[in-house]
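Visitor: Got a structure here, written out as structure tokens. Questions coming.
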Amino acid sequence: MAKLNNAELHRYARHIVLKEIGGLGQKELKKAKAAIVGAGGLGVPVLQYLNSAGVGELKVIDHDVVSLPNLQRQVLFDEAHVGQPKVEVAQQVLGAQNSNTTLIPIYKELNAKNALEILKGCDVVIDASDSYDTRRIINRVCIELKQPMIFGAISQWEGQLSVLFGQPCFECLFPVKPQGELLKTCSEFGVVASLPGVIGCMMATEVIKLITSAGAPLRNKLLIMDMLYSETRIINTFTNPNCNVCC
């Protein structure tokens with residue numbers, strides 16, 4: 001079990017006084033390893049809050065550089081970072097925010113050839129990508145490695161979130177790749193600035209709950225949030241008996 005030094009005990013005091021986390025839970029966070037695929041709208045708040053929460057190792061995978069339109073919602077970056085790899089900026093900024101954590105930047109695109117090698121050894125994998133194909137790859141690797149997958153998605157004013165671990169899997173929920181209009185990205189559809197922050201923070205909270213065994217994760221459930229009309233729904237999800245990934 002990882003030990004907490006005096007500075008860490010003071011730093012994480014607000015966690016430690018929570019009966020659902022406590023000192024033991026904070027030690028679990030310190031020894032945990034999480035992989036975040038995507039350092040954009042969702043990945044940024046996930047990274048910021050898992051880093052500040054004291055998750056020991058954060059592996060971030062992204063092949064993109066900071067662009068000016070990112071700054072509308074990706075609050076980790078500023079104008080001086082435009083043109084720089086997101087993962088390298090994240091390592092620099094988050095390292096200054098919490099020197100107790102280790103951030104491993106992987107400046108490449110996750111694909112079917114490298115996903116297993118990159119994601120193995122992690123306690124939890126967070127899908128913060130904006131690609132159906134990437135999510136399928138993550139899902140299949142997580143099934144193979146028996147790792148939990150936190151799934152999040154955003155568009156315009158709406159966000160979705162679920163915790164996937166075994167059955168049902170991502171392809172049970174979304175067996176068919178979106179077509180036509182549904183394939184459009186945030187750059188085409190648009191997204192309100194605060195939405196990725198809200199959904200990303202909820203994803204980070206689910207990770208903390210999983211690592212510390214606090215409360216009940218969103219397993220077998222899909223949370224749908226409509227921020228335009230301030231409505232939230234949670235629907236039950238079910239395993240597809242014909243799924244060729246998890247069945």
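The values are calculated or read from the model by the stated rules, or taken from the named source; none is laboratory data. Values in this document were obtained by computation on a predicted structure and should not be read as measured data. Quick reminder, even Gly has a Cβ in these numbers, built from the backbone with ideal geometry, and neighbours come from all protein chains shown. What goes into the accessible areas is simple: the full protein's heavy atoms, side chains included, and nothing from ligands, DNA or RNA. Shrake-Rupley method; radii C 1.70, N 1.55, O 1.52, S 1.80 Å.
Visitor: Could you please give the count of residues in the stretch 118-163 that are polar (S, T, N, Q), open to solvent by less than 30 Å² (accessible area, probe 1.4 Å) and touching a residue at least 40 places away in the same chain (Cβ under 8 Å)? Please lay out each step first, then the result.
Guide: First, the residues of the stretch 118-163 that are polar (S, T, N, Q): 129, 131, 134, 139, 147, 155-156, 160, 162.
Subsequent filtering for residues that are open to solvent by less than 30 Å² (accessible area, probe 1.4 Å) retains 129, 134, 139, 147, 162.
Pick out the ones that are also touching a residue at least 40 places away in the same chain (Cβ under 8 Å) and you get 129, 134, 139, 162.
Number of matching residues: 4.
Visitor: Run down 38, 83 and say which single residue is on the phi > 0 side of the Ramachandran plot and out of contact with any strand residue (DSSP E or B) (no Cβ under 6 Å at 6 or more places or on another chain).
Guide: Checking each option against the conditions leaves just 38.
Visitor: So, in the stretch 46-79, of the ones that are assigned to a loop (DSSP other than H, G, I, E, B) and among the small types (Gly, Ala, Ser), which residue ends up surrounded by the most Cβ atoms within 10 Å (Cβ to Cβ)? Outline the logic, then answer.
Guide: Restricting attention to the stretch 46-79, the residues satisfying the condition of being assigned to a loop (DSSP other than H, G, I, E, B) are 54-56, 62-64, 66-67, 73-78.
Keeping just the survivors that are among the small types (Gly, Ala, Ser) gives 54, 56, 67.
Numbers: 54: 22, 56: 19, 67: 14.
It comes out as 54.
Visitor: Taking residue 216 as the residue in question, decide whether it is under 27 Å from residue 69 (Cβ atoms), surrounded by fewer than 16 Cβ atoms within 10 Å (Cβ to Cβ) and of a type outside the set (Ser, Thr, Tyr). Spell out how you get there, then give the answer.
Guide: Numbers: under 27 Å from residue 69 (Cβ atoms): no; surrounded by fewer than 16 Cβ atoms within 10 Å (Cβ to Cβ): yes; of a type outside the set (Ser, Thr, Tyr): yes.
Judged against the criteria, residue 216 is not a match.
Visitor: If only one of 7, 32, 96, 112 is buried (at least 22 other Cβ atoms within 10 Å of the Cβ) and of a type in the set (Gly, Ala, Ser), which one is it?
Guide: Details: 7 fails: buried (at least 22 other Cβ atoms within 10 Å of the Cβ); 96 fails: buried (at least 22 other Cβ atoms within 10 Å of the Cβ); 112 fails: buried (at least 22 other Cβ atoms within 10 Å of the Cβ).
Among 7, 32, 96, 112, only 32 is buried (at least 22 other Cβ atoms within 10 Å of the Cβ) and of a type in the set (Gly, Ala, Ser).
Visitor: Something else: Can you list residue pairs whose Cβ atoms sit under 9 Å apart, with the first residue in the stretch 104-117 being within 21 Å of residue 144 (Cα to Cα) and free of Cβ contacts under 8 Å to residues at least 40 places away in the same chain and the second being open to solvent by 100 Å² or more (accessible area, probe 1.4 Å) and not in a loop (DSSP other than H, G, I, E, B)? Count only pairs 6 or more apart in sequence or on different chains.
Guide: Close Cβ pairs satisfying both conditions: 116/144.
Visitor: So, one more: Does at least one position in the stretch 38-45 carry a residue that is open to solvent by 80 Å² or more (accessible area, probe 1.4 Å) and closer than 30 Å to residue 141 by Cβ? Please lay out each step first, then the result.
Guide: Applying the first criterion (open to solvent by 80 Å² or more (accessible area, probe 1.4 Å)) to the stretch 38-45 yields none.
Within the stretch 38-45, not a single residue is open to solvent by 80 Å² or more (accessible area, probe 1.4 Å) and closer than 30 Å to residue 141 by Cβ.
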